[in-house]
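Asks: Following this message is one structure expressed as structure tokens.
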Amino acid sequence: MSSQQTVVADTILHNGKIWCGHAEGVSEALAIWNGKVIARGDSREILKLEGEGTRIIDLDGKFATPGLNDSHLHLISLGLTLSWIDATPQKAPTLDALLDAIRVQAAVCPPGTWIRARGYDQTKLDIGRHPYKHELDSAAPDHPVMLVRACGHVSIFNSKAFALAGVDEDTPVPEGGVIEQQDGALTGMVAETAQRLIRRAIPRATTDEMINAIQSAGDMLLSYGITSVMDAAVGQVGGFDEMRAYNLAKLSGRLPVRTWLVLLGDPGNSIVDQCHAAGLISGVGDDMLRVGAVKIFLDGSAGGKTAWMFEPYLGEELTTGVQILHDEELEALVMDTHEKGYQLACHAIGDAAIGQLITAYEKALAAMPDADRRHRIEHCGFSSPAQHERMKKAGIYPCPQQVFIYDFGDAYVSVLGEERALSSYPLKTWRDLGFRPATGSDAPVCHPNPFPNIYSMLTRKTWKGTVMDERERVTIEEALQSYTEYGAFSQKMENEKGRLVPGQVADIAVFSRDMLTAAPEDILNDTECVMTLRGGEVVFVRQ
């Protein structure tokens, strides 16, 4: 046991199996003082730190880990969408079920009220395609409707929505966007930057609504053992007012999870200049709320066929996805952001977008070297061995969401073919190269439930059972490391959290099953978080 013997613990957890980290292994007990771990060891030793007022938590043999870190999600969007129609395949597997859900909402909402749904995947719908505008019209002719694909990069709108936004067949398509037409008529499908044209007609969330979203989403995350997150595009919902919402939420005790803020840097929607003028650069904040990086979108999603690839999508000779920014514009944005002192965490899924981003990072780092800036490539799903070499040399890190394999792997195969799809999101390759890849859910793209994420890391299986290159499987200890220590590393906070060692924050997740020995299927189907501590305080208990 390593401890300061003069300190009396505030809280002691004992009689458990506490996985303290990949290198640290398992301890039976843990002592906490002032929100941080002060000692770990066997129960007999740690209980010597008990004093008057010490809270004793008997784990009764249960398994515990450092609090999980979802290193890429959208906290405010997750909270807001909790009140939307659930259009995921689990809730709406058919077009009829989806339209019925819209009809039910339309029946209880005043005409003209926006109806919003999210989560459909055309590759899992019974019709095998995106719904059409006229189909949404049939369900809600008097309401504007927005149906968002799971990825968030594609939406279907009905006629009322197009009319409110003033968008028709003659509307110019913005650079990096898609407004689909067939036979000279709108189909309803809008993708990437073009979505802004219609979304601007939707009333913007108020500060109070965003604070409520932060709290409701954060409380849900605590119920899964997730104590830290990255909000991957602050400004996307409410502009600079999102920064106000986060700080007010923290001040009022309504920020449940430690949040690393990634500022939206897209042209026309960027909040970077406002943040920079206010002194809000990477690293500003504390261990509950901190400014992290800047995000720029380079492409879309593979399942939506908008991720920018070098080679065309399967069966479509001319479709290689969407390039959102020209090289010169991206490189200027990256250079300016880098010179301002920000870490960057830019969205790139397709190999062409990844290559474009690596080049922009390389040029910025050559002009202003920084050996520990840790620029990130968010998703980085279809990177190549040659790109990995460039990333390693430049100090660029992939930040994937391994649950994409589980949720979207079969969609990748359907749009790209097995040769290109099976080896996507190569977690073990990245680990072996020393990249320290974290993981996350991209919620509300995928559900933040960590167990499908862990399952996919262990098995490389999709929800249908397809094995996506078994060579990329990792061990349970390595999977947990991605969810804890490497998540902290991706946020440049590995000395503050991610392991249960003296000096680090006492963020702890307690689970119903010993994941070190459990079968992957049992982790997926029969494991739950039973208690969560953040900073040594119990913030969730499953009743």
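The values are calculated or read from the model by the stated rules, or taken from the named source; none is laboratory data. Bear in mind the structure is a predicted one, so any value in this text is a computation, not a measurement. No Cβ is skipped: glycine too gets one built from the backbone with ideal geometry, and neighbour counts run over all protein chains shown. These accessible areas exclude ligands, DNA and RNA; they are computed on the full protein's heavy atoms, side chains included. Shrake-Rupley method; radii C 1.70, N 1.55, O 1.52, S 1.80 Å.
Asks: Roughly how many Å² is the accessible area per residue of the stretch 342-436, as a whole number, for a 1.4 Å probe?
Replies: Per-residue accessible area for the stretch 342-436 comes out at 32 Å².
Asks: With θ set to phi - 60°, apply the Karplus curve 6.51 cos²θ - 1.76 cosθ + 1.60 along the stretch 352-366 and write out the HN-Hα couplings as whole Hz, x wherever there is a Gly or Pro.
Replies: For the stretch 352-366, the Karplus curve yields 5, 5, 4, x, 4, 5, 4, 4, 5, 5, 4, 5, 5, 5, 5 Hz.
Asks: Okay, next question. Which percentage, to the nearest 5, of the DSSP beta bridges contained in the stretch 121-266 is antiparallel?
Replies: Around 70 percent antiparallel, to the nearest 5.
Asks: So if I take the centroid of the Cα atoms in the stretch 239-268 and the same for the stretch 435-483, what is the distance between those two points in Å?
Replies: 27 Å
Asks: Sticking with this structure for a sec: Net charge near residue 95, counting Lys/Arg +1 and Asp/Glu -1 over other residues with Cβ under 12 Å of its Cβ?
Replies: Result for the neighbourhood of residue 95: -2.
Asks: Please compute, over every Cα-Cα pair in the stretch 366-509, the percentage with a separation greater than 19 angstrom.
Replies: Summing the P(r) of the stretch 366-509 above 19 Å gives 52 percent of all pairs.
Asks: Now for a different question. Towards the positive end of the charge dipole of the stretch 275-367, with charges on Cβ (+1 Lys, Arg; -1 Asp, Glu), say which of 344, 310, 326 has the farthest Cα.
Replies: With unit charges placed on the Cβ atoms, the residue in question is 344.
Asks: First obtain the Kirkwood hydrodynamic radius of the stretch 251-409 from its Cα pairs, then insert it into the Stokes-Einstein equation at 10 °C and 1.306 mPa s, and state the resulting D in µm² per second as a whole number.
Replies: The estimated diffusion coefficient comes to 96 µm²/s.
Asks: With axes computed from alpha carbons, what is the tilt in degrees of helix 450-459 against the longest principal axis of the chain, rounded to the nearest 10 within 0 to 90?
Replies: The angle comes out near 90 degrees.
Asks: Here is a further query. Work out the charge dipole of the chain with +1 on the Cβ of Lys and Arg and -1 on the Cβ of Asp and Glu about the Cα centre, then indicate which of 257, 531, 453 is farthest towards its positive end.
Replies: 531
Asks: Output the antiparallel fraction of DSSP beta bridges having both residues in the chain, as a percent to the nearest 5.
Replies: 50 percent
Asks: Taking 27 Å as the cut-off for C-alpha to C-alpha distance, list the pairs among 305/393; 91/497; 428/464; 250/461; 17/497; 91/133 that go past it.
Replies: Listed pairs above 27 Å: 305/393; 91/497; 250/461.
Asks: Additional query: At 222 nm, what value in deg cm²/dmol follows for the chain if DSSP H runs of at least 4 each add -39500 (n - 2.57) and the sum is divided by all its residues, to the nearest 500?
Replies: -9000 deg cm²/dmol
Asks: Charges at C-beta only: +1 for Lys and Arg, -1 for Asp and Glu. How large is the resulting dipole of the chain about its Cα centre, in Debye rounded to 20?
Replies: Its charge dipole is roughly 980 debye.
Asks: Something else about it: Local charge sum around residue 112 (other residues, Cβ-Cβ under 9 Å, Lys/Arg +1, Asp/Glu -1)?
Replies: 0
Asks: Please list, ordered by chain and number, the residues whose modelled amide H lies under 5 Å from the amide H of residue 540; skip anything fewer than 5 residues away on the same chain.
Replies: 532
Asks: Name the residue from 57, 227, 23 whose Cα lies farthest towards the positive end of the charge dipole of the chain, charges +1 on Cβ of Lys and Arg and -1 on Cβ of Asp and Glu.
Replies: The one lying farthest along the dipole's positive direction is 57.
Asks: Probe radius 1.4 Å, ligands and nucleic acids ignored: give me the carbon and sulfur share of the accessible area of the chain as a rounded percent.
Replies: Here carbon and sulfur together make up 48 percent of the probe-accessible area.
Asks: Here is a further query. Which value, to two decimals, describes the C-alpha radius of gyration of the stretch 204-287 once divided by 2.2 N^0.38 Å?
Replies: Cα-based Rg divided by the globular estimate yields 1.06.
Asks: Continuing with this model, one more query. Quick check: with the 1.4 Å probe, what order do 477, 389 take by accessible area, largest first?
Replies: 389, 477
Asks: Calculate the radius of gyration of the Cα atoms of the stretch 1-110 to one decimal place, then report Dmax, the largest Cα-Cα distance, as a whole number, both in Å.
Replies: So, for the stretch 1-110, Rg and Dmax equal 23.3, 67 Å respectively.
Asks: Hey, another quick one. Can you give the relative contact order of the chain as a percent, counting alpha carbon pairs under 8 Å and 6+ residues apart?
Replies: Answer for the chain is 16 percent.
Asks: Please give the per residue accessible area of the stretch 167-230, computed with a probe of 1.4 Å over protein heavy atoms only, in Å².
Replies: Per-residue accessible area for the stretch 167-230 comes out at 43 Å².
Asks: What does the charge count near residue 368 come to, summing +1 for each Lys or Arg and -1 for each Asp or Glu among other residues with Cβ under 15 Å from its Cβ?
Replies: Result for the local shell: -2.
Asks: Any idea what the dipole of the stretch 1-124 comes to, in debye rounded to 20, about its Cα centre with Lys/Arg Cβ at +1 and Asp/Glu Cβ at -1?
Replies: Charge dipole of the stretch 1-124: 360 debye, to the nearest 20.
Asks: Taking the convex hull of the Cα atoms, report for the stretch 328-386 its projected area averaged over all directions, in nm².
Replies: Computing the convex hull of the Cα atoms and averaging its projections yields 3.9 nm².
Asks: Could I ask something else about it? Taking just the alpha-carbon atoms of the stretch 264-354, what radius of gyration and Dmax come out, in angstrom?
Replies: Considering the stretch 264-354 through its Cα atoms, Rg and Dmax are 15.6, 50 Å.
Asks: If the reach is capped at under 15 angstrom between alpha carbons, list the aspartates and glutamates near residue 124, excluding any in the same chain fewer than eight residues apart.
Replies: Filter leaves 86, 96, 407, 410.
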